[in-house]
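Here's the structure, in structure tokens; my notes come after.
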């Protein structure tokens with residue numbers, strides 16, 4: 001895009017736009033055992049994460065849904081791609097700093113909140129069991 | 001290239017514009033941002049910039065004249081007091097108030113509205129009484145009334161808006177009842193740009209026995225204000241949105257209303273006599289100016305008014321309206337771009353919009369990289385955004401120093417951003433493990 005008059009620097013680099021247009025596991029997870037949704041009050045970005053945790057506390061499947069800026073949605077996609085197959089302990093040890101590194105591009109403090117939304121939601125989701133037993137039989 | 005897509009029929013009537021030379025009065029506008037991008041400042045509804053004439057007055061006050069007002073029997077205190085009261089008189093004349101003591105200096109519009117909701121509200125509003133607001137109010141003209149309703153058990157009603165962002169005034173007659181105590185309405189919406197028919201609203205409110213508070217933060221800086229013609233019982237605005245400093249605002253109130261209201265903040269200056277266990281309040285306006293006021297900011301607000309008067313506020317309005325009309329028509333050319341609010345004839349000098357993609361925060365960030373400052377988000381109007389069914393929008397708001405070339409850059413850059421984020425058949429690369 002060298003001819004483009006818009007100089008995105010790192011903020012909207014190809015890798016991020018790929019995740020924005022072709023996200024990893026965007027949607028609902030009917031077999032979810034755990035789920036959480038939150039938003040950034042400042043900008044209204046919303047992210048929901050559904051998790052299916054197996055008996056060993058491993059993420060057997062995960063999906064995200066939501067609405068918001070490129071950073072909030074692309075970072076959710078990257079996070080789930082990273083965390084599929086990992087354990088609850090792995091999630092707990094995955095710090096905010098790790099999340100910002102996974103995203104890659106430098107972000108101002110205001111935009112870091114967009115990037116950390118999905119990370120916050122995931123940290124809560126592993127402690128938020130879905131309050132129904134239907135999915136066990138529905139499968 | 002994108003420039004070729006410009007509709008030849010959309011053009012600017014330059015006879016309606018102010019002389020471009022006045023930009024030289026604004027040192028902050030001369031800078032480059034992000035390396036080589038001239039600053040294009042289109043966030044004026046949030047806060048404007050200041051001309052050298054205002055900055056010079058601030059410097060002069062602090063270098064030569066500053067002392068506390070209304071207290072010292074010494075030269076500087078007398079100078080400061082005189083200039084502070086001159087500023088009050090300038091504000092009075094600017095908004096057509098009868099008496100200078102009807103002008104209360106506050107920290108800003110928010111403080112002004114809170115003063116009315118607290119002082120007048122607590123003294124006059126009872127459980128079951130009704131306050132009429134509108135769907136398009138800024139949070140600063142919603143939350144103080146919500147707090148009053150919580151304290152008193154009053155009920156809030158809202159004049160709805162059309163899909164075009166105009167108030168549905170037919171609903172007002174239904175909303176106004178014997179229980180209505182106050183109608184609080186913005187003269188101009190900070191998101192839709194809608195110019196509301198305040199005089200007509202006030203006429204109907206008064207006929208129903210209600211008072212009217214006008215949130216004039218978005219109109220006093222941009223168009224002529226006459227509190228008598230408007231029928232405003234109270235009117236609030238801020239200095240920093242009209243070339244003045246932050247920390248200074250105005251509450252206008254009709255004399256007999258302010259006289260009957262209890263003081264809001266207690267402390268120095270607002271008293272006549274203090275005993276160990278009680279006080280008697282001062283006369284207007286001191287009664288509502290407890291503590292040391294924003295002295296230099298008030299004097300500088302007077303200088304801002306001088307600047308606006310020298311240009312002529314009608315010329316300022318004409319300039320902004322022409323820019324907003326031009327921006328409105330050019331932005332319409334962009335596929336998928338949706339402008340919030342009414343057509344240009346009902347609109348003040350701002351344009352808010354959404355694009356199909358990306359999100360308004362991304363649009364604002366990418367505009368910033370071209371040097372263009374806009375606002376993105378809910379602009380402190382969440383109920384309005386709920387009504388419009390969106391979470392956020394991008395707003396370009398103009399002032400007397402903006403130019404058609406800046407509008408062109410805005411439009412062309414928005415078009416490029418939207419093109420950039422159109423689905424392009426991208427695919428994530430498999431994660432390397």
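Read-outs throughout are calculated quantities, based only on the coordinates presented, and are distinct from any laboratory measurement. Owing to the predicted nature of the structure, the values given are computational and were not obtained by experimental measurement. When we count neighbours, we look across all protein chains shown, and the Cβ atoms used for this are built from the backbone with ideal geometry, even at glycine.
Structure above, values below:
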read-out	value
q = 0.13, 0.19, 0.20 Å⁻¹, region B:355-433: log10 I(q)/I(0) [Debye, one scatterer per Cα]	-0.51, -0.89, -0.95
Equivalent ellipsoid, region B:1-114 (semi-axes from 5 times Cα gyration tensor eigenvalues, Å)	40, 20, 14
Relative contact order (%) - criterion: Cα under 8 Å, at least six apart; region: chain A	29 percent
Most mobile of B:280, B:134, B:177 in a GNM of chain B (Cα contacts under 10 Å)	B:280
Chain B: angle of helix B:404-420 to the longest principal axis, Cα-based, in degrees nearest 10	60 degrees
Mean-position separation - Cα centroids, region B:227-271 and region A:39-99, in angstrom	49 Å
Residue exposure sequence - A:87, A:33 - by fewest surrounding Cβ within 10 Å	A:87, A:33
Alpha carbon Rg of chain A, scaled by the compact-globule rule 2.2 N^0.38 Å	1.08
Enclosed volume per residue, in Å³, of the convex hull spanned by Cα atoms of region B:260-385	223 Å³
Between region B:84-161 and region B:348-393, the Cα center-to-center distance that results, in Å	27 Å
Percent antiparallel among DSSP beta bridges (both partners in chain B, rounded to 5)	60 percent
Share antiparallel - DSSP beta bridges, region B:62-207, percent rounded to 5	20 percent
Degrees between helix A:109-125 axis and first principal axis of chain A (Cα, 0 to 90, nearest 10)	10 degrees
Full-stretch length increase - residue B:59, residue B:208 - with 0.36 nm per residue and alpha-carbon distance subtracted	48.8 nm
With Cα atoms, 0 to 90° folded angle of helix B:75-95 axis to chain B main axis	60 degrees
Contact order relative to length of region B:57-213, as percent, for alpha carbon pairs under 8 angstrom and 6 or more apart	16 percent
Inverse mean reciprocal Cα-Cα distance (Kirkwood Rh) of region B:131-173, Å	11.0 Å
Ratio Rg/Rh, restricted to the protein assembly as shown and using Cα atoms, in which Rh is the Kirkwood radius	1.02
Fewest-first sequence of B:287, A:58, A:39 by Cβ atoms within 10 Å of each Cβ	A:58, A:39, B:287
Percent antiparallel among DSSP beta bridges (both partners in region B:135-241, rounded to 5)	20 percent
Ellipticity estimate at 222 nm from DSSP helix runs (n ≥ 4, -39,500 (n - 2.57)) divided over chain B, nearest 500	-10000 deg cm²/dmol
Mean Cβ neighbour count within 10 Å, used as a protection proxy, ranking B:381-387, B:140-146, B:103-109 highest first	B:103-109, B:140-146, B:381-387
Relative exposure of B:163, A:89, B:362, A:22, judged by other C-beta atoms within 10 Å (fewest first)	B:163, A:89, A:22, B:362
Kirkwood Rh and Cα Rg combined as Rg over Rh, evaluated for chain B	1.01
